[in-house]
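Quick notes on the structure that follows.
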Amino acid sequence: MKMAALRWVLLVAFLVAAGHGAEASRIRHYRWEVKYEYRSPDCFRKLVITINGQSPGPPILAQQGDTVVVDLKNSLHTENVAIHWHGIRQIGTPWSDGTAGVTQCPILPGETFTYKFVVDKPGTYMYHSHYGMQRMGGLYGSIEVAVADGVQEPFSYDAVYSLLLNDWYHKSTTEISTDISTVRFEMDGMDDMGGMGGMGGMGGMGGMGGMATMGGDPQSLLIEGRGRYNCSSMDSMGGSCNMTNPECAPHFITVTPGKVYRLRIGNLASTSSLSFEIEGHDMTVVEADSNYVEPFTLKSLYTYPGETYSVLFKANQDSRRNYWISTNIALSESSTPTGVAILNYDSNPSRQAPATMPPAGPSRGDVAAGLAQSLAIKAHRDHVIRPPRRTDRLITLLITQNTINGFLRWSVNNISLVLPQTPHLIALNEKYAKRASNSTPMLPDVYFPSDYDIFRPPPHRKTSCGTSVYHLKFGSVVDVILQNANTMYPNSSELHPWHLHGHDFWVLGYGLGLFDPSKDSSKLNLVDPIMKNTLPLFPFGWAALRFVADNPGVWIFHCHIDPDLFLGMGVIFEEGVDRVGNLPKSIRGCGQSKY
């Protein structure tokens, strides 16, 4: 039996054995060891961060209402670590969110830390490192939460598979973080609306921008931790590469003709917006970020870092052959080859490669198509949770690229986020935030004037570092307008997927250009908006979301592109921290919490 199918069969058997009703909730206990090991996920051998020898790490399989316990031993020797449970709201356990500098001190080398939380909602989730840029090194995995006993989902299928999508770099995370931390911005040879000077290839709507500073495009795209790098085109980084290594043989899923399958898809790419296709098969989107979608059918799915989807497809093509499953870089030009897996009809050898070429994906510069898909996602008609009609607070966040002492940084309302030595949850809960954090200005609710020109580089190049927090009244309704703008380079804006910890939010709308409250407010969807935890902010565009500040804790809201967060693209929301109560001793040990 194929691994993914066997995994699901074991889960179902375990849930049946657990019984029925509220008493069926179980504890899912995992013991993990994180360490570096040499692996060849795309045929190129390099150090990879593994969990129990695996990358992606072991899947977490649970049922709604279960308690998940993970004993995590850090065996990285010279690096700290922290794990974020992406999409899990951590209701009642904000200290288990796994965000170093926000909700906990990082786990030191040699130490073991225990995460414990309830999976209160069924759906498709992920986990990944939230320390530095370790996600780029392979520290990630999937979480599947089944519905409670007796609950019927608004769609049916015969079997389920999970596929994680990722991009892959041959440089180490240390090399990459060092590269992007030492890039100086120079305007020599560039006028206000001139060419790209010596920074060629960085412009355009959806351009990769600062990615050019970290060695260019990713070397490959992975599906379930496997890709294929052309070893004959070895770059100057050296190392060994072997295209016959079984570690980089394409992942495959096996189907039976006539059956309907659910694919749980998660995008944990570090930098890349991706498209996803199954050659010759239509897909119907039924879930987005663990919320049911009014179904719609497509051939190619746009997915952005931090997003999860479930799609249904029927095995209704010629069963005498296999088909490609493919992923491609979307919305920007790229030299990265297509990532592939194999859809295996069960009468054929499982690893028999199709004779056709893998789907190339949609046009890579088609921002309009990506925007159209996002606008098409509505809540399922039988699962609509309407947002409050009125909001208590409006926060408008302008995203710009700036500099500190000439070095490139990302800013939100002209503040570049730097996390403090004492995690915010500890500092705010124990009333010593002022002496634990930098004395930097508070982020304003609205920073830029109504006539700000988002199509030109920012007029003020310099930014300030800050650890400031938005303090939200507990229970209040908060609207956030995310406004994208030109980078430091003319005619350049980048896509940024924004992820909110501790919450699902209503996606009220998207648009291109500068958000105009007098015109765009009437376009917002208050009838059947989808709820998500991650949404794309399109180049030169805006996005509007609403959430209720009703989960006591401190939550980071940030771009899910690793280098962008590393260089400051995020803010912190605090709500009801006085309701959290006593914090576990295990999250302490850094900054002021050492004393």
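The values are calculated or read from the model by the stated rules, or taken from the named source; none is laboratory data. Predicted model, so just to flag it, every value in this text is computed and none were measured. Using ideal geometry, Cβ is built from the backbone for each residue, glycine included, and neighbour counts are taken over all protein chains shown. To get the accessible areas, we keep the full protein, side chains included, count just its heavy atoms, and leave off ligands, DNA and RNA. Shrake-Rupley method; radii C 1.70, N 1.55, O 1.52, S 1.80 Å.
Brief remarks on what is shown
Residue-by-condition table, conditions (1) closer than 18 Å to Ala82 by Cα; (2) assigned to a loop (DSSP other than H, G, I, E, B); (3) at pLDDT 95 or above; (4) not hydroxyl-bearing (Ser, Thr, Tyr):
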{"residue": "Trp555", "(1), (2), (3), (4)": "yes, no, yes, yes"}
{"residue": "His558", "(1), (2), (3), (4)": "yes, no, yes, yes"}
{"residue": "Leu565", "(1), (2), (3), (4)": "yes, no, yes, yes"}
{"residue": "Asn582", "(1), (2), (3), (4)": "no, yes, no, yes"}
{"residue": "Gly589", "(1), (2), (3), (4)": "yes, yes, no, yes"}
{"residue": "Gln592", "(1), (2), (3), (4)": "no, no, no, yes"}
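- Breaking point among (1) surrounded by fewer than 22 Cβ atoms within 10 Å (Cβ to Cβ); (2) farther than 26 Å from His128 by Cβ; (3) touching a Phe, Trp or Tyr at 6+ places or on another chain (Cβ under 8 Å), for Ser300: (2)
- Test: residue in the range 372-391 that is open to solvent by less than 40 Å² (accessible area, probe 1.4 Å) and modelled with pLDDT under 95: no
- Those residues of the range 137-152 which are closer than 21 Å to Glu294 by Cα and surrounded by fewer than 17 Cβ atoms within 10 Å (Cβ to Cβ), in sequence order: Val147, Val151, Gln152
- Subset of the range 331-359 (residues that are open to solvent by less than 20 Å² (accessible area, probe 1.4 Å) and at pLDDT 95 or above): Gly339, Ala341, Ile342, Leu343, Asn344, Tyr345, Pro354
- Asn525 at positive phi and open to solvent by 10 Å² or more (accessible area, probe 1.4 Å): no
- Highlighted here are the strands (runs of 3 or more DSSP E) found entirely within the range 74-156 that include at least 2 residues which are touching a strand residue (DSSP E or B) at 6+ places or on another chain (Cβ under 7 Å) and small (Gly, Ala, Ser): 123-129, 140-146.
- Within the range 568-595, tally of residues that are open to solvent by 10 Å² or more (accessible area, probe 1.4 Å), among the aliphatic types (A, V, I, L, M) and within 23 Å of Leu108 (Cα to Cα): 1
- Looking across the range 287-321, the residues that are in a strand (DSSP E or B), under 12 Å from Gly266 (Cβ atoms) and within 15 Å of the chain's Cα centre (by Cα) come down to Ala288, Thr303, Thr308, Tyr309.
- Any chance Val548 is modelled with pLDDT of 95 or more and closer than 30 Å to Phe185 by Cβ: no
- Pairs linking a residue in the range 514-528 that is without any contact (Cβ under 8 Å) to a residue 60 or more places away in the chain and in a loop (DSSP other than H, G, I, E, B) to a residue that is surrounded by 12 or more Cβ atoms within 10 Å (Cβ to Cβ) and not charged (D, E, K, R), with Cβ atoms under 7 Å and 6 or more positions apart or on different chains, are Leu524/Leu508; Leu524/Gly509; Leu524/Ala544.
- Take the conditions (1) under 30 Å from Val527 (Cα atoms); (2) among the hydrophobic types (A, V, I, L, M, F, W, C); (3) over 22 Å from the mean Cα position of the chain (by Cα); Ile404 misses just one of them, which is (1).
- Filtered residues of the range 303-323 (kept if open to solvent by 30 Å² or more (accessible area, probe 1.4 Å) and without any contact (Cβ under 8 Å) to a residue 60 or more places away in the chain): Lys314, Asn316, Gln317, Asp318, Arg320, Arg321
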